[in-house]
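Input: a single structure, listed below in structure tokens.
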Amino acid sequence: MECVVLAAGEGKRMRPLTAKRPKVMLPLANRPMMEHLVLATRDAGISDFIFVVGYGEREIRAHFGDGSRFGIRITYAAQRHQQGTADAVRSVRDLVTGPFLLMNGDMILNHADIADFIQRPAPCMGISTTDHPGDYGVVLVSDDRVISLEEKSPHPKSNLINAGLYLLSLDIFDLVDRVKPSARGELELTDALAGLIAERKLGTYRLPYWMDVGYPWDMLDANAILMEKNPGSIAGTVEDGVTLKGPVQVGEGSILRSGTYIEGPCIIGNNCRIGPHAYIRGSTSIGDDCHIGYCTEIKNSIIMTGTKVPHFNYIGDSVIGTHCNFGAGTKGANLRHDHANVRVCGKDTRRKKFGAIIGDNVQFGINCSINVGAVIGSNAQFAPNSFIEGCIGDNASIR
């Protein structure tokens, strides 16, 4: 059986983090999110993959190659114009040879559930439950068959949703050929499934575990869950006087300097400098070539490659892009005084604690303050003592 992974989209809801990379290559537990999904599928017994790529495909191809590094075989199908999921499926018509697994590249699944799912007869849809079904395709089910599928309804009829996981036969290609552009101007796979739903031919499989990574704040939850599997390992140097509590992974060439206190689960990449006297709290992942310096505290955050947080800084519940630099004394807030949910550009994160989303190559002067829910575009620059809040675009400059 082949597995088709949809990985052609930009992921606009992840901006500014996707300004230079496709969404599926954003890091979780120091690996691209799609790598976790591919490895889970491999462990479920599938070794032949077809990646549908488009936006940022060069980075995907460079990372995964032909798949041999991961013990799999990969073929690529290019979707040059992202015209919808039905169009993406149409692009693999000549590459699949029989019933195939189709999945969105931006979710987290367990390998045991995938192994169980692929034993079901096609066509079948993976479904899950959520407390905010209006953000997804809402499903009604009877006798394990889909009887209704409504996309992003303002008044959802159930909390069951389409999880973006399908087992399909070759008959799907005749159905996608008949699809017309939706109100959004896209060719939707769900429209191709409408006939199967009307005839009660689309089966369902309730996923015991499923996580969608749709927004930057979802990355923090996924990062924390994936790091629970981290057994901890030390490939770098740990000086005397460093305290490690729980599973901590330290990459090659990294050094933890004296006085540093780290609470696992925590993953630190290669060639990082941590401390002295840094405090890194649980569920934090730090990419390669980072510097977390003297008296700096990092909590439940994702710090990407090459970023420097050198001294007297605080970052909590945040997602920070690559090659940023935080001036001394720069701190981010992560809790509203009224303890209401943090909103980002008007969107409710459903989180009481959330800091900031910061793009690549952002430079902060000393003593900057970053308010809760701030979004900062790539290549922005801030003068010393700046107060930063709201949504700030790429290449902004505050002097």
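Counting every other Cβ atom within 10 Å of each residue's Cβ, 182, 386, 142 order from fewest to most as 142, 182, 386. Rg then Dmax, both in Å and based on the Cα atoms of the chain: 22.0, 68.
Counting only lysines at least 8 places from residue 299 when in the same chain, those with an alpha carbon closer than 29 Å to its own are 12, 20, 23, 229, 245, 308, 331, 347, 352, 353. Below 27 Å, Cα to Cα, which lysines can residue 201 reach? Residues fewer than 8 away in the same chain don't count. Filter leaves 152, 157, 180.
Among beta bridges from DSSP that stay inside the chain, the antiparallel ones total about 25%.
Taking neighbour counts of Cβ atoms within 10 Å as a proxy for exposure, in what order, fewest first, do 387, 117 appear?
On the way: 387 10, 117 21.
Listed from fewest to most nearby Cβ atoms, that is 387, 117.
Our compactness index for segment 226-398, the C-alpha radius of gyration over the empirical 2.2 N^0.38 Å, is 1.00. Note on the chain: with a GNM built from Cα contacts shorter than 10 Å, the maximum mean-square fluctuation among 29, 194, 183 falls on 183.
Geometric descriptor of segment 2-214, per residue, is 122 Å³ (volume of the convex hull of the Cα atoms). Given their separation in residues at 0.36 nm each and the Cα-Cα distance between them, residue 350 and residue 294 gain 16.9 nm when the chain is fully extended.
Values in this text are rule-based calculations from the coordinates and carry no lab data. Small disclaimer: the values here were computed from a predicted structure and weren't measured. Counting neighbours? That spans all protein chains shown, and the Cβs are built from the backbone with ideal geometry, glycine included.
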